[in-house]
Each structure stands twice: as structure tokens, then as C-alpha cells.
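The values are calculated or read from the model by the stated rules, or taken from the named source; none is laboratory data. Since we're looking at a predicted model, the values are computed, not measured. Virtual Cβ from ideal backbone geometry, glycine too; neighbours counted across all protein chains shown.
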Amino acid sequence: MTEQPPPANLPPPPPGGYPPPPPPSGGGFAPQGAVGYPAPSAPALPKSAYASWSSRVLAWIIDIIPLLILEGIGVGVLLSTRETACVTDTSEYDLGEFCATGATSTGQIAIIVTGLLALAYWIWNLGYRQGTTGASIGKGVMKFRIVNENTGLPVGFGMSVVREIIYWVVAGLCAGIIWLVAVLFPLWDDKRQTLVDKVLNHVALPNRAEGEIR
């Protein structure tokens, strides 16, 4: 009997005489990683591809300077407008004059206003700006961004606020020891992540490396 050629819609047999893998049930293409179909793999980034610890520290310092300025203005007004009230004892004991210094309404209002402005700046810079673009003012100056490790995209406003709240909460635990360990973690971590980065699956990538993990 004469051997019939294979139908035109089947792939040619692989070298070595082995039959090709059967097509998946229901037609279509075989899933990635199936026998005979190699699955693509994305190479891991080297440690040098992530933002350095020193860059992150400098970015944090730049970000916190406006907060310190605003709070400094509020405290300065509070201290400079204090009033001293004195009362003289005219009783039979003649205890002399008593004086007390207290904050004025102007000073108290200054503290409240500058505190609200500092909070608004914090939410805008480390929440909205960092969440939507990947970079706060400080991170923009230092040329790196905080992105989701799986997508390579900015983490979003809500998640950016969450990560900063976690940092503040951790800073208050155990006299800041946990916070110190968390922020020093990039010094020895392969991906230069802080502990908060690891929990939230975030990484800090230089601008030149944007999109490399997509």
C-alpha cells in the first residue's frame, strides 16, 4: 500500500522520528509549558537594575524638607506670639508675683493651618503624585520610581497611601527598631526592596529601567 502524505493542516514531524504532541482537546493552541512547547521565561533583573539605597534615602530627605519647613513655620509663629500674664498676690501671705506664659490664638491657628498644609502636601506628593506617576518629588529628583513588580506600572493612589501609612505605623513600633530594619533591608536584599516593598510586591526602578520587568 502506498504511504499517504500527511494532511496539509498538520505541522511537520519533529526531527528524530518522534510523533508531534497531540493537539489540545477542543482545538486551538497548546498551552504554554505543555510537552513539546517550551514556555517563555523572563530573565531576572540583576541587583544593579534596581534603585540604590542611597538614592532612596536622598529622595526621602527631599520629600520631607517641605514638611519640616511647614511645621517649622507653625512652631515659630507659636513661640513668637506667646503671651505672659502675671498675677500679684495681695493676700496677707504676700507671696509676690506669679507669671505664666501661654500660646495665643494666633499661634494655635498657625499650628493647625501649617499642620493641615503639611498633611495635604504629604497626601498629594506621596499619595497622588507617587501613586499615579511612580515618583514623588524626591524620587523624581533622584530619577527612580516605585512600581508594581508584576506589571511595571505605578501602584496607584490608594496603594501608595497605604505603603506610606505602613511606614509611619512601623516607625512607632519598638521605638522605631522595626522601621530601621525595614528601611535598611535594601542594603542586603537582591531586589533592594524594603520590607514594606516585599509585603506589597513593589520595587524601585531607575527611570532608565522602566518597563524592564513587564
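Would you point out which residue out of ALA209, ALA182, ALA204, ALA175 is among the small types (Gly, Ala, Ser), at pLDDT below 90 and either buried (at least 16 other Cβ atoms within 10 Å of the Cβ) or in contact with a Ser or Thr (Cβ under 6 Å, 6 or more places away or on another chain) (or both)?
ALA209
Which of the residues belonging to the stretch 130-158 are over 11 Å from the mean Cα position of the chain (by Cα) and of a type in the set (Lys, Arg)?
LYS143
Which condition breaks for LYS143 when tested against (1) at pLDDT 95 or above; (2) within 15 Å of SER54 (Cα to Cα); (3) crowded, with 18+ Cβ neighbours inside 10 Å?
(3)
Considering only the stretch 125-133, I want to know if a residue exists there that is of a type in the set (A, V, I, L, M, F, W, C) and loosely packed, with under 13 Cβ neighbours inside 10 Å.
No, every residue in the stretch 125-133 fails to be of a type in the set (A, V, I, L, M, F, W, C) and loosely packed, with under 13 Cβ neighbours inside 10 Å.
Is it fair to say GLY138 is surrounded by fewer than 18 Cβ atoms within 10 Å (Cβ to Cβ), among the small types (Gly, Ala, Ser) and modelled with pLDDT of 95 or more?
It is false that GLY138 is surrounded by fewer than 18 Cβ atoms within 10 Å (Cβ to Cβ), among the small types (Gly, Ala, Ser) and modelled with pLDDT of 95 or more.
Taking the stretch 159-198, which residues are over 21 Å from ALA51 (Cα atoms) and over 11 Å from the mean Cα position of the chain (by Cα)?
Across the stretch 159-198, the qualifying residues are TRP168, VAL169, VAL170, ALA171, GLY172, LEU173, CYS174, ALA175, GLY176, ILE177, ILE178.
Would you check if ALA44 is closer than 19 Å to ARG145 by Cα, at pLDDT below 95 and out of contact with any strand residue (DSSP E or B) (no Cβ under 6 Å at 6 or more places or on another chain)?
yes
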